[in-house]
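Notes for the one structure printed next.
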Amino acid sequence: MRRRDVVFGAAALAGCARMSEQSARPRPIVIAHRGASAFRPEHTLASYRLAIEQGADFIEPDLVMTKDGVLVCRHENEISGTTDVAQRAEFADRRKEKVVDGVAATGWWVEDFTLAELKTLRCIERIPQLRQANTAYNGQDAIPTFAEVLALAAEHNVGAYPELKHPTFLREQGLDPVPAFIAAVREAGGQRVADRLYLQCFEIWPLVLAAQMSSIRWQCVQLVSSEGGPWDQRDLSYAQMLSNDGLRRIAGYARGIGPEKSLIMPRGADNLMLPPTDLVARAHAANLVVHPWTFRPENYFLPSDLRAGDAASPAHLAMRGDVEREIRAFIAAGVDGVFSDDPAAAVAARG
């Protein structure tokens, strides 16, 4: 996620300056969030290829499962907003309401389609109101499988950073993503592939179980949000997980955390960045790397002082600002990588 050219608040700059005085560390990695999704419909091979061209170190496929047990790349298992399924008369009777992780939604669901059926659909831009230019690529790409993304990453010598989406829900549907994930990594090359792979999840059990089930070793990242908690442990909050004791427990099964970026650099009521919190330092003290999400270039997502253009313009929120400066502030705060819809901006910010 990313944007434009103005000045940070003095407090935020002072905090970043203090953090940047830390000793040298490995340069942060650039993770292409759903590919180069600021420029192409997300989770398409075209989006991943462009991200690789822009210099991303890792490409990120979110993984859900088909009816016949194949891992495919969608941010959500409900696909009416990212494919043309709503215009496909042959699938009209598949539309239904489901409750996923406590949230009710009506639409079309990946787990109700075989891979062959899903491959007949075509991808579309998820947020056309902000990314109108991306709609020019609507209808050009099929939904890729995880295996296809691993092959693309290997072909171009970049890493993969998959996320298992709604694993408890999928298990309840009779689909288990963990064995399917392990099988896909093994078939793609085993440890050679795993050496350049992070596995991430908002839930805990898939990260723990995946390590227990396989002799192949990869790095795990526990995703955390500013609100709520992991669906598989509903008596546990993300806030508790980010306490010092909680971070030490995460370090027992994961290499790092993937926090919502406001947990590192909050914003005030004026939508300006505040000084960094101590989360990065505390995570590093627990021997965890920190990869925040998500940096996006549109004004809608940026701090007020990094937005571009005339605020009175109807198109103001879709304009692109100075996301590079936002990312640089987080790098100065000590993060070890960033999830970005605009990998080129993140590469430039890293310098």
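The values are calculated or read from the model by the stated rules, or taken from the named source; none is laboratory data. Every value quoted in this text rests on a predicted model; they were computed, and no experiment measured them. Using ideal geometry, Cβ is built from the backbone for each residue, glycine included, and neighbour counts are taken over all protein chains shown.
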> Given ALA56, ALA105, ALA86, ALA133, which one is assigned to a strand (DSSP E or B) and small (Gly, Ala, Ser)?
Replying inline: ALA105
> Taking the condition outside any loop (DSSP other than H, G, I, E, B) and crowded, with 23+ Cβ neighbours inside 10 Å, does VAL72 pass?
Replying inline: yes
> Applying the selection to region 149-165, what residues are in contact (Cβ under 8 Å) with a residue 40 or more places away in the chain, touching a helix residue (DSSP H, G or I) at 6+ places or on another chain (Cβ under 9 Å) and buried (at least 16 other Cβ atoms within 10 Å of the Cβ)?
Replying inline: VAL149, LEU150, LEU152, ALA153, VAL158, GLY159, ALA160, PRO162, LEU164, LYS165
>> Here's a check for you: in region 243-255, which residue that is without any contact (Cβ under 8 Å) to a residue 40 or more places away in the chain and surrounded by 18 or more Cβ atoms within 10 Å (Cβ to Cβ) is farthest from the chain's Cα centre (by Cα)?
In response: GLY246
> If you check LYS96 against the conditions, is it surrounded by 21 or more Cβ atoms within 10 Å (Cβ to Cβ) and either basic (Lys, Arg) or at pLDDT below 95 (or both)?
Replying inline: no
>> So for region 209-217 (the condition being out of contact with any Gly (no Cβ under 7 Å at 6 or more places or on another chain) and among the β-branched types (Val, Ile, Thr)), does at least one residue qualify?
In response: no
> How do the pairs read when you match residues in region 220-234 that are among the hydroxyl-bearing types (Ser, Thr, Tyr) and surrounded by fewer than 20 Cβ atoms within 10 Å (Cβ to Cβ) with residues anywhere that are modelled with pLDDT of 95 or more and part of a loop (DSSP other than H, G, I, E, B), using Cβ under 8 Å and keeping only pairs 6 or more apart or on different chains?
Replying inline: SER225/PHE202
>> If I ask for residues that are buried (at least 19 other Cβ atoms within 10 Å of the Cβ), under 26 Å from VAL208 (Cβ atoms) and within 19 Å of the chain's Cα centre (by Cα), which ones from region 256-285 would you list?
In response: GLY256, ILE257, GLY258, PRO259, LYS261, LEU263, ILE264, VAL280
>> For region 245-281, which positions are in contact with a helix residue (DSSP H, G or I) (Cβ under 6 Å, 6 or more places away or on another chain) and of a type outside the set (A, V, I, L, M, F, W, C)?
In response: GLY246, TYR253, ASN271, PRO275, PRO276
> Could we say that ALA86 is in contact (Cβ under 8 Å) with a residue 12 or more places away in the chain, in contact with a Cys (Cβ under 8 Å, 6 or more places away or on another chain) and farther than 23 Å from ARG171 by Cα here?
Replying inline: no
>> Out of ALA51, ALA38, ALA32, I need the residue that is assigned to a helix (DSSP H, G or I), crowded, with 22+ Cβ neighbours inside 10 Å, in contact (Cβ under 8 Å) with a residue 60 or more places away in the chain and of a type in the set (Gly, Ala, Ser). Which one?
In response: ALA51
>> Please go through region 331-351 and give me each residue that is buried (at least 24 other Cβ atoms within 10 Å of the Cβ) and touching a helix residue (DSSP H, G or I) at 6+ places or on another chain (Cβ under 7 Å), ordered by number.
In response: ALA333, VAL335, VAL338, SER340, ASP342, PRO343, ALA345, ALA346, ALA349
> Can you name the helices (runs of 4 or more DSSP H) wholly within region 172-214 that have at least 1 residues being on the phi < 0 side of the Ramachandran plot, charged (D, E, K, R) and surrounded by fewer than 16 Cβ atoms within 10 Å (Cβ to Cβ)?
Replying inline: 177-188, 191-194
